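Shown next, in structure tokens, is the structure this report addresses.
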Amino acid sequence: MAKVTYSLGLDFGSDSVRALLVDTSTGEEIATSIHYYKRWGAGKYCEPSKNQFRQHPLDYIEGIEQTITEIAKEVGEEVTQNIVGIGVDTTGSTPVAVDAKGTPLALLDEFRESPNAMFVLWKDHTAIQEANEINALCKKWDIDYSQYEGGIYSSEWFWSKILHISRQDIDVHKAAFSWVEHCDWVPFLLTGGTDVREMKRSRCAAGHKALWHESFGGLPPNTFFVALDPLLDGLRDRLYTKTYTSEISVGTLSSEWAERLGLSQSIVISVGAFDAHMGAVGAKTEPYYLTKIMGTSTCDILVAPLEGKEKLVKGICGQVNGSVIPNMLGLEAGQSAFGDIYAWYERLLAWPIKELIGNSNVIDSKTKEKLVHEAMENLIPKLSHAASKEPIGASGELALDWMNGRRTPDANQNLKGVISGINLGSTSPKVFRALVEASCFGAKKIVDRFLSEGIPIKGIVALGGVAKKSPFIMQMMADVMNIPIKVVASEQACALGASIFGAVAAGTYEDVPQAMQKMGSPFETVYKPDVNRVKAYTEVYRKYNNLCETMEGHIMEQVRRNE
């Protein structure tokens, strides 16, 4: 009888890190643990009104230690001694300034409380001006280095953030030997790396967010970055030329981390990647099926065979050979806010609940706590139920899903959310319905762009918290798209994908497709479009597009006036 082996997936999200232990022969999820970032939860180092979102590396380090040691304790030594690989996925682009050893500056005493020395989270949009400058330079340079990234560089991405921090904080700029993505730093940390020049950089991160492409010979030349800003002179040479797909081994668990986690030093650590790309692998993605990872934002992943001349798709978040599955083209799109929109509306409505009940003199503290908890637990489900009863388009409320700018199609982080058509008959459920419709219409805009660019969509696969928890939203999306949507059974598809890469890097499988078929998640639900609702949404979608055009023109005119 063959020995049972296991692989661990580490999934670093916006609020927490999850560890998942998986049976490599079947994909059975044996144990899981989650750690919520302590400093992030306290709101440290962030200024939402300025779109500044930073995370301290200690949150990540503590998360690794807590989640894996909890799993090890739960399953026992008989299982942990048979763990063969660890895969890592993270949000992105989430870069940080490091010294020559690869240590994030925030881990050094002089920078331990400096937000600029911390990881700049994917949703940080402080670098809008820098993104504009990169786009302008790309368009007048002899090579458009943004061409494989949809032709529009975003403030969410690597170089925009580096340039913004370098200009804003000269001390961080001077101390930064190099910059690294979160998904590259964690494997480097776990394997005991001490020289940033030897760090194996993710093909996924470099290709989608850092202007890297094989046809360029790597990153753009130093002359390009000097033309952007002399502050960047020489940084390219301290970064990388070669990149790696995620089935490649970075090395084995260092003695320090093996001792801290109670694991073997023989465990192989694979090259990291972004969460959505590994989530698509956990969902057993197929060519031309759009995999939607639906959480605080959405990330839409599609893989296509490498056949003939590569077709450039305008306005997406990049197309990269091997960013999802080695030797296949990975294309990325997404929305900057999805679940975040519902969470914002929940906070908006929750304020009077917490304030009035929380400060009531009529009931005792324990009852107050229970009432607030009950209200918060039921708020979105009750809103969803009431909103589902509203007739489509009848009330006139219409929203735009740009609360955190627009990621795709055609990135523009200057844009803001809109709620229009409200009147004295507007209610909380009606406005909530308009917000849900907006998020679904934004998703349809992405599908429309792929189709208009000649990329077929054979079906849609969904995973993540929204997909699992909200039939109201998922049914609406199927109706708006007029495409059936299959929901992945696993609640940890991204971590599952990471564990698949860990297993391949450890040699358990020959390649990713083989491992994916054995270990990937089945589906649990299919949402099918309703013919009558499809027709009704078509008219509301037309109005949404008209509002998009009007408001984008208005907002950008205001931006130009303020420049």
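The values are calculated or read from the model by the stated rules, or taken from the named source; none is laboratory data. These numbers were taken from a predicted model, which means no experiment stands behind them. All Cβ positions, glycine included, derive from the backbone under ideal geometry; neighbour counts span all protein chains shown. SASA here: full protein model, heavy atoms, side chains in, ligands and nucleic acids out. Shrake-Rupley method; radii C 1.70, N 1.55, O 1.52, S 1.80 Å.
Can you match percent of Cα pairs over 33 Å apart to one of these, [x] 41; [y] 53; [z] 49, based on a calculation from the structure here? Entry [x]. Backbone amide hydrogens, once placed in the peptide plane, bring residue 16 within less than 5 Å of 37, excluding anything fewer than 5 places away on its chain.
On the basis of the beta-carbon distance and an R0 of 30 Å, residue 427 and residue 147 show a calculated FRET efficiency of 0.05. Each residue was assigned an accessible area with a 1.4 Å probe, and for residue 516 the value is about 10 Å².
Relative to the Cα centre, the charge distribution of the chain, modelled as +1 at Lys and Arg Cβ and -1 at Asp and Glu Cβ, gives a dipole magnitude of about 1340 debye. Ligands, DNA and RNA aside, residue 189 has an accessible area near 40 Å² when probed at 1.4 Å. Accessible area per residue (1.4 Å probe, heavy atoms of protein chains only) ranks 203, 533, 197 as 197, 533, 203, with the largest value leading. Annotation for region 298-334: trypsin sites (Lys or Arg not before Pro) lying in DSSP loop with at most 10 further Cβ atoms inside 10 Å of their Cβ are 309. Projecting the Cα atoms of 85, 304, 548 onto the dipole axis of the chain, where Lys and Arg carry +1 and Asp and Glu carry -1 at the beta carbon, places 548 farthest toward the positive end.
Taking each residue as 0.36 nm, the span from residue 458 to residue 310 lengthens on full extension beyond its C-alpha to C-alpha distance by 51.3 nm. Amide H contacts of residue 24 (H built 1.01 Å from N, in plane; Pro and chain starts excluded): 5, 6, 7 sit under 5 Å, all sequence-distant by 5 or more or on other chains. Checking every one of the chymotrypsin sites (Phe, Trp or Tyr not before Pro) in region 167-244 against DSSP loop status and a limit of 12 other Cβ atoms within 10 Å picks out no site at all. Near residue 251, the amide H atoms lying under 5 Å from its own belong to 269; only residues 5 or more places off or on other chains count, and H is placed 1.01 Å from N.
When only Cα pairs below 8 angstrom with a gap of at least 6 residues are kept, region 405-563 shows a relative contact order of 23 percent. In sequence order, region 511-518 has phi-based couplings of 8, 5, x, 5, 5, 4, 5, 7 Hz under the Karplus curve 6.51 cos²θ - 1.76 cosθ + 1.60, θ = phi - 60°, and Gly or Pro positions carry x. Rounded to the nearest 20, the Cβ-based charge dipole of region 25-90 about its Cα centre (Lys and Arg +1, Asp and Glu -1) stands at 600 debye.
Residues of region 332-349 with an amide N closer than 12 Å to a point placed 7 Å from the Cα of residue 533 along the Cα-to-Cβ direction: none.
Cβ-Cβ distance of residue 223 and residue 288, R₀ of 41 Å, FRET efficiency by 1/(1 + (r/R0)^6): the value works out to about 0.60.
Assuming a ≥ b ≥ c are the square roots of the Cα gyration tensor eigenvalues, decide whether region 478-563 counts as rounded (a/c under 1.5), prolate (otherwise, with a/b larger than b/c) or oblate. Oblate. The relative contact order of the chain comes to 17 percent, based on Cα pairs under 8 Å that sit 6 or more residues apart. For region 124-130, backbone phi angles converted through the Karplus equation (6.51, -1.76, 1.60; θ = phi - 60°) give residue-by-residue couplings of 6, 10, 6, 9, 4, 4, 5 Hz, Gly and Pro being listed as x.
Taken about its Cα centre, region 1-127 carries a charge dipole of about 400 debye when Lys and Arg each add +1 at the Cβ and Asp and Glu each add -1 at the Cβ. Accessible surface ranking for 239, 348, 1.4 angstrom probe, highest first: 348, 239. In this label model, residue 382 and residue 420 are separated by 3.2 nm, measuring between points 7 Å along each Cα→Cβ vector.
Stretching residue 28 away from residue 248 to a fully extended chain increases their span by 76.9 nm, per 0.36 nm per residue minus the current alpha-carbon distance.
Each part reduced to its alpha carbon centroid, region 161-178 and region 517-563 end up 37 Å apart. Taking each DSSP H run with n ≥ 4 as -39500 (n - 2.57) and averaging over every residue of the chain yields -12500 deg cm²/dmol at 222 nm. Computed from backbone phi, the HN-Hα couplings of region 4-16 come to 7, 10, 9, 9, 9, x, 10, 10, 8, x, 6, 10, 7 Hz, rounded to whole numbers (Karplus: 6.51 cos²θ - 1.76 cosθ + 1.60, θ = phi - 60°; Gly and Pro given as x).
The label-point distance for residue 448 and residue 66, in a model that sets each label 7 Å from Cα toward Cβ, rounds to 4.3 nm.
Extension gain for residue 231 to residue 354 (0.36 nm times residue separation, less C-alpha to C-alpha distance): 39.5 nm. Looking at the chain, the DSSP beta bridges with both ends there are about 70 percent antiparallel. Put the Cα centre of region 237-271 next to the Cα centre of region 99-150 and the gap is 24 Å. Put 111, 523, 441 in order of accessible area, highest first, and with a 1.4 Å probe you get 523, 111, 441.
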